[in-house]
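All remarks here apply to the structure that follows.
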Amino acid sequence: MVNCMFYLEKRDGIARIGKLKYKNIVFETPYLINYLDEPSIARELDFGRAATATKYVIPEYLYEDLKSKSDEINLVTGLSTLSPHQVVDIFNQIERNKPIYAVGVADPLNLPILIYMGVDIVDNILAIKKAYDGIYFLGELELDVGELEKLPCSCKYCRNSSTKDFTENELFEVVARHNTEMLLLEIEKCKRLIEREELRNYVESKIKFQPILTSTLRLLDKGECSYFQRFKKSKCIFSAIESFSRFEVKYFLRRTLEVYEPKTRLLLILPCTAKKPYLTSRTHRIIRSRVWINVNEIIVSSPLVVPREFELLYPAINYDTPVTGDWTDEEIRFVSKWLRKFVEKGDFEKVVAHVSGGYRKVIEFGLRDYEVVFTCEDGILSDSSLNKLKKEIEGYERYDLYEEMFKHMSRYQFGIEFEGQVRGKYPNLDLFNGGRVARSDLRYGMLDVYEIAARELLSNRLYWVQIGEFEPKNKIFASGVINADEKIRPNDLVIFYSSTIMGVGLAVMSGKEMVESEKGVAVRVKRKWPV
Ligand SMILES: [Zn+2]
């Protein structure tokens, strides 16, 4: 029976917003099945005779026989009995082309990470159970109802009433309904965060309330998945140690190192700035106004290390990290290791570092066997420091930074380079070659491309999406996709084409999903022209 259809609308990593059509009813996901009312979907589901969690305790043949046979919705039962390793194991193996329902496990603390792992449906079973155990949810806190004189919430069930206004049974019912409201509120928050592509920042803060959730995220980060975006419109907040292992950081460092081609014999190392891109910051502007910089530069931050050529790319263009001047040993080790790898890619005969404090420690540790000239004496912008810097680096060589930026960005994003001349005012740069080839898209931290580059990408079979014979409007649905490049991740810039039309769009799904899904938005169209 085909009762159930799932339409993907928006991805943020593995997390997603979608529409679930079950028989004739449409639910927005992430969705909560409310067992206090008529749980319409649940009635029809095959929960199996053994919980998913039993696969770790009973023989495999028995589990296969007893497990849920639901083929339209993936049911995951008994999660709360499992270790973080087992939970991550289940989610690493789960089929993601069907909606995922995590049964009887959601509470306000674990909901964000459940949704982050790709759960589309939860319920209020645990919230009801806790209510009957006398537990009242207040945001992240669990309060003992027996100790409350007044209910500290003004929702339509609590209305700040005195607990004495209710009989014992009425009170349990009120608390169960209130607890459900708290879950709904959390789902609503996660939905907004997915739309804004900011769920990860929130998850990193929520997992801190329970070590078991922290372990789950750390284990989850060891895996990788084609749903994570390389480019995003949101700010990366790096304020936890878990921020170091998020996909954005791992991908950026790995990919920049892969395509980095420093050219000059002298390397200048500078500290990061709060304002992004760095080159628009007051500090970097003052340094440049006083010293003629015409060499390769690397900017040291935490956890990022950013050769100047990549500073317009996500997440370098849009992140925030707490700065106190003190660096932890962990930060020093992590950042200095990456700094060294970047320096080793060059053929530098001289390294000049215009940094102080913790930054200097990172360089001294990472480049301990290099001869580094430190030019910062009494503050990075002082006359004597800037004069020393000037003396060390001026007149070394010529380097066309903007041209190199385009080359590095296009290698990073597509694996090829485009020919052309750079125009525009930094950071809004364009590449021209007879017509417009590409421009820096500051919102997503990527290159946006036009017809010339699109044709070149298509002839190289890069980031292509083959569509049916129709003229796409704003969206291309998965049903209209015939085939697509497997490399495509959500938010990648893609080139779609049929025999009569081609154009540029933003992927909503991964390439594999576009081909495998029957429903949902695959690509948002940016521009198009006849073939
Ligand atoms: Zn309430």
Q: State, to one decimal in nm, how far the label point of residue 529 lies from the label point of residue 147, with both points 7 Å from Cα in the Cβ direction.
A: 6.9 nm
Q | Estimated translational D of the chain in µm²/s (Stokes, Kirkwood radius over Cα pairs; 25 °C; 0.890 mPa s) | A | 95 µm²/s
Q | Neighbour cut-off at most 11 other Cβ (10 Å), DSSP loop, GluC sites (Glu not before Pro), segment 112-154 | A | 149
Q | Phi-based couplings in Hz for segment 232-241 (Karplus 6.51, -1.76, 1.60; Gly and Pro marked x) | A | 9, 8, 9, 7, 7, 9, 9, 10, 10, 5
Q: Of the options 66, 279, 506, report the single residue whose Cα projects farthest towards the positive end of the charge dipole of the chain (beta-carbon charges: Lys, Arg +1; Asp, Glu -1).
A: 279
(Q) Restricting to DSSP H runs of at least four residues, report the calculated mean residue ellipticity at 222 nm for the chain, -39500 (n - 2.57) per run over all residues, nearest 500 deg cm²/dmol. (A) -9500 deg cm²/dmol
Q: Could you state how much accessible area residue 516 has, in square angstrom rounded to the nearest 10, with a 1.4 Å probe and all protein chains kept in place?
A: 110 Å²
Q.
Tell me the Kirkwood radius of segment 74-215: reciprocal of the mean inverse pair distance over distinct alpha-carbon atoms, in Å.
A. 16.0 Å
Q | the chain - charge dipole about Cα centre, Lys and Arg +1 at Cβ, Asp and Glu -1, debye rounded to 20 | A | 1640 debye
Q | DSSP bridge orientation in segment 223-334 - percent antiparallel, rounded to nearest 5 | A | 30 percent
Q) Going by a ≥ b ≥ c, the root eigenvalues of the Cα gyration tensor, does segment 30-126 fall in the rounded group (a/c under 1.5), the prolate group (a/b larger than b/c) or the oblate group? A) oblate
(Q) How far apart, in nanometres, would the label points at residue 475 and residue 377 be if each is projected 7 angstrom from Cα along the Cα-to-Cβ direction? (A) 6.3 nm
Q.
Taking C-beta distances below 4.7 angstrom as the pairing criterion, name the unpartnered cysteines of the chain, in sequence order.
A. 4, 155, 190, 225, 236, 272, 376
**Q.** Order of exposure, largest accessible area first, which applies to 326, 485, 400 with probe 1.4 Å
**A.** 326, 400, 485
Q: Quote the accessible area belonging to residue 265 in square angstrom, nearest 10, computed with a 1.4 Å probe and with ligands, DNA and RNA left uncounted.
A: 100 Å²
**Q.** Per residue solvent-accessible surface (Å²) - segment 243-366, probe of 1.4 Å
**A.** 37 Å²
Q | residue 392 accessible area, 1.4 Å probe, all protein chains in place, Å² to nearest 10 | A | 40 Å²
Q. If r is the Cβ-Cβ distance from residue 281 to residue 459 and R0 is 35 Å, what FRET efficiency results, to the nearest 0.05?
A. 0.35
Q) Roughly how big is segment 236-393's charge dipole about its Cα centre, with Cβ charges of +1 (Lys, Arg) and -1 (Asp, Glu), in debye to the nearest 20? A) 400 debye
Q.
If I compute solvent accessible area with a 1.4 Å probe over the protein chains, what percent of it on segment 4-220 is carbon and sulfur?
A. 52 percent
Q: State whether segment 236-393 is rounded, prolate or oblate according to the following rule on the C-alpha gyration tensor (a ≥ b ≥ c being the square roots of its eigenvalues): a/c under 1.5 gives rounded; otherwise a/b larger than b/c gives prolate, and the remaining case gives oblate.
A: rounded
Q: Before anything else, pin down the relative contact order of segment 132-189: Cα pairs under 8 Å, at least 6 apart, normalised by residue count, whole percent.
A: 32 percent
Q | Dimensions (Å) - segment 450-531, Cα atoms, principal axes, largest first | A | 30, 24, 18
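The values are calculated or read from the model by the stated rules, or taken from the named source; none is laboratory data. Predicted model only: the values in this text are computed from it and were never measured. We place every Cβ from the backbone using ideal geometry, glycine too, and count neighbours over all the protein chains shown. Areas reflect the complete protein model, heavy atoms only, side chains present, ligands, DNA and RNA absent. Shrake-Rupley method; radii C 1.70, N 1.55, O 1.52, S 1.80 Å.
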